[in-house]
């Protein structure tokens, strides 16, 4: 469920390169490419890159550690992502995603397609708008015939991370908000998304806490948006970092008392 939150705010991964000189340590931010996420000792996903350090494949794994499908990434001539495809465990293409950008390379629309009987059928689409700092401020989700299913608004903190995400039904009825706090270190997956050519998720730092304007039940809140409903697990996180300020371990304590640990490997 934590990963669903990251997807919802288009926030749900960051990393990069570093170098050191002999007998010196550079304390400025370093960026690394995440290659592996391990959840409570079990590999959750791995990411393969090409010679230009662009992601070409993300493999997902089951809770028992076996491959359970993968995403592949294709790039256009402008180096932006052209489409993302998903295949199931039998390597059968079941859906793919296409993108449209404006002249400043900001993502405008994102369309999801299902493969049915050899034909591509539009499942739903998303639209994005930005403020003068090119931060995502509005996100809308549409059904296959163009009706708005729900939309969100984002507010930012002084470090330019989204601190509040407001959720609305299609009729503009406000449902509730999620609130986010962060550390001051580079986000685990930011470089991964940037190397895809996407304008967002644009989270610069790591989430340390998620709360809500809604009253939780069993450590979770339900965002009932009409035709769409999300159940969000609230939690707090603490991190361990390497000498380059990259997070190597995250300890997640959910509001319901459950605790999990994720570790991160880098290229």
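Where a number appears in this text, it was derived from the coordinates with a stated rule and is not lab data. Computed from a predicted model, the values in this text were never measured in an experiment. Using ideal geometry, Cβ is built from the backbone for each residue, glycine included, and neighbour counts are taken over all protein chains shown.
Can you tell me how the chain classifies by the Cα gyration tensor, rounded, prolate or oblate, using a/c under 1.5 as the rounded cut?
Because its axes are fairly even, with a/c under 1.5, the chain counts as rounded.
Return the whole-Å distance between the Cα centroid of region 175-246 and the Cα centroid of region 97-131.
23
Pop the C-beta distance of residue 224 and residue 164 into the FRET formula with R0 = 22 Å and round what comes out to the nearest 0.05.
My answer for the efficiency is 0.70.
How much length, in nm to one decimal, is gained on full extension between residue 267 and residue 105, taken as 0.36 nm per residue of separation minus their Cα-Cα distance?
Full-extension gain reported as 55.7 nm.
To make sure I understand, if each residue's beta carbon is the centre and we count other beta carbons within 10 Å, what order do 82, 74, 171, 183 fall in, fewest to most?
Listing 82, 74, 171, 183 from fewest to most nearby Cβ atoms yields 171, 74, 82, 183.
With a point put 7 Å past each Cα toward its Cβ, work out how far residue 60 is from residue 251 in nm, to one decimal.
2.9
Can you work out the FRET efficiency for the pair residue 120 and residue 149, with r the C-beta to C-beta distance and R0 = 22 Å, to the nearest 0.05?
The formula returns an efficiency of 0.60 here.
For a paramagnetic label modelled at 7 Å from the Cα of residue 260 toward its Cβ, which residues of region 55-75 fall within the zone defined by backbone nitrogen distances under 19 Å?
Within reach of a label on residue 260: 58-71.
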